[in-house]
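The values are calculated or read from the model by the stated rules, or taken from the named source; none is laboratory data. Remember, predicted model here, so these are calculated numbers, not experimental data. Every residue, glycine among them, receives a Cβ derived from its backbone with ideal geometry; neighbour counts consider all protein chains shown.
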Amino acid sequence: RAKAKGRACYAIFDPVVAQEIISASRLENDLKGAIEKEELTLYYQPIFDLETQMIQGVEALVRWQHPQNGLISPQFFIPIAEETGYILAIDNWVLETACHQMKQWLTLGSNCQFSKVSINISSYQCLQKNLTQKIRKILSTTGLNPSNITLEITETALIQDPDSAIVILNQLKDLGIILSLDDFGTGYSSLSYLHYFPVDTLKIDRSFISNLSKNKEGLEIVKTIINLGRNLNMDIVAEGIETDEQLKLLKQLNCQYGQGYLFSKPLAVDDMNQLINS
Ligand code: C2E
Ligand code: MG
Ligand code: MG
Ligand code: MG
């Protein structure tokens, strides 16, 4: 008994563990004030038409400029935000900010080749009964058309509560919003659910693209995903294109759209503006 207790005490005072606990809870706490303190920013990564090399749209990707820790990746703070429920506030902020930015780009007129902004939404946001209402409101304040907005959702969000998700997605679809299935192939039960959901676009996860040129199997899997999407009348976007070889193969497989470091990293607004005007 004493031994067990002793071990527990040791665990609590392990400096490494303690440091992790302190920093995670501090970040959790800091995150609550991040929107008010204007510490969140959006970067934008262009999505290209692989054939014409024109920018077809941009994906908004959130970053957190922490006063002490510097620029923090969403991979790190989105899970914290999901645990604390603070994700909804972040998702709302991203929606509004990305839509206002898209409106600004559209007012640049012919300089701006693209007219679509893709916005990642969490499972929470995806299951909000008032999501369509929220978006209607943003459309009326920004003057954007529904077709200017693509919402990126993941399979995980849909599988959590498929019946509710279908109702909400159909409302969004009726409004004219474009729906995209993000990280396709990494969730589970994708195939059995796919045709129930009114999604317009499949985004092939980066993990498949990085295996594309490694072996025959890697190529066959991507080929199969592309054919699946095409047979279901969906657009296909390849994520994380990093090499000329991957691009060449994707074009051979008739994948229409893609994004990745080969073309451009996610850019701050100023850099995106430069790209638009170049
Ligand atoms: P995602 O939506 O699948 O976004 C693609 C991620 O891949 C981005 O990471 C992007 O920077 C990265 N990426 C793009 N091209 C390449 C490439 O060629 N090579 C490599 N290695 N990476 C590439 P990021 O910005 O760190 O975002 C990570 C994830 O965080 C996103 O995955 C998305 O699930 C989530 N996320 C980002 N922004 C938001 C947001 O505003 N709201 C919500 N709810 N989630 C977000
Ligand atoms: Mg995405
Ligand atoms: Mg993705
Ligand atoms: Mg991802």
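Residues in the range 125-150 that are within 16 Å of ligand 2 (Cβ to nearest atom) and in contact with a helix residue (DSSP H, G or I) (Cβ under 6 Å, 6 or more places away or on another chain): GLN125, CYS126.
Candidates in the range 87-111 are the residues that are crowded, with 18+ Cβ neighbours inside 10 Å and of a type outside the set (Val, Ile, Thr); of these, the one that is nearest to LEU31 (Cα to Cα) is ASP91. Restricting LEU61, LEU40, LEU50, LEU27 to residues that are hydrophobic (A, V, I, L, M, F, W, C), touching a helix residue (DSSP H, G or I) at 6+ places or on another chain (Cβ under 7 Å) and at pLDDT below 90 narrows the list to LEU27. May I ask you to list the residues in the range 30-44 that are of a type in the set (Gly, Ala, Ser) and crowded, with 20+ Cβ neighbours inside 10 Å? Once the filter is applied, which keeps residues that are of a type in the set (Gly, Ala, Ser) and crowded, with 20+ Cβ neighbours inside 10 Å, the range 30-44 yields only ALA34. Taking the range 262-274 as the range and being surrounded by 14 or more Cβ atoms within 10 Å (Cβ to Cβ) and out of contact with any Pro (no Cβ under 6 Å at 6 or more places or on another chain) as the test, the residues that pass are LEU262, PHE263, PRO266, LEU267, VAL269, ASP271, MET272, ASN273.
Counting the residues of the range 256-278 that are touching a residue at least 60 places away in the same chain (Cβ under 8 Å) and under 25 Å from PRO74 (Cβ atoms) gives 13. Residue pairs whose Cβ atoms lie under 9 Å apart, sitting 6 or more positions apart in sequence or on different chains, and linking a residue in the range 47-71 that is in a loop (DSSP other than H, G, I, E, B) to a partner that is buried (at least 21 other Cβ atoms within 10 Å of the Cβ) and of a type in the set (A, V, I, L, M, F, W, C), are LEU50/ALA238; LEU50/ILE241; LEU50/LEU247; LEU50/LEU250; LEU50/CYS255; MET54/PHE48.
Restricted to the range 186-208, and to residues there that are within 16 Å of ligand 1 (Cβ to nearest atom) and touching a helix residue (DSSP H, G or I) at 6+ places or on another chain (Cβ under 6 Å), the residue that is nearest to ASN233 (Cα to Cα) is LEU202. Out of the residues in the range 147-157 that are in contact with a Leu (Cβ under 8 Å, 6 or more places away or on another chain), within 15 Å of ligand 4 (Cβ to nearest atom) and not in a strand (DSSP E or B), state the one that is modelled with the highest pLDDT. Of everything passing the filter in the range 147-157, GLU155 is modelled with the highest pLDDT.
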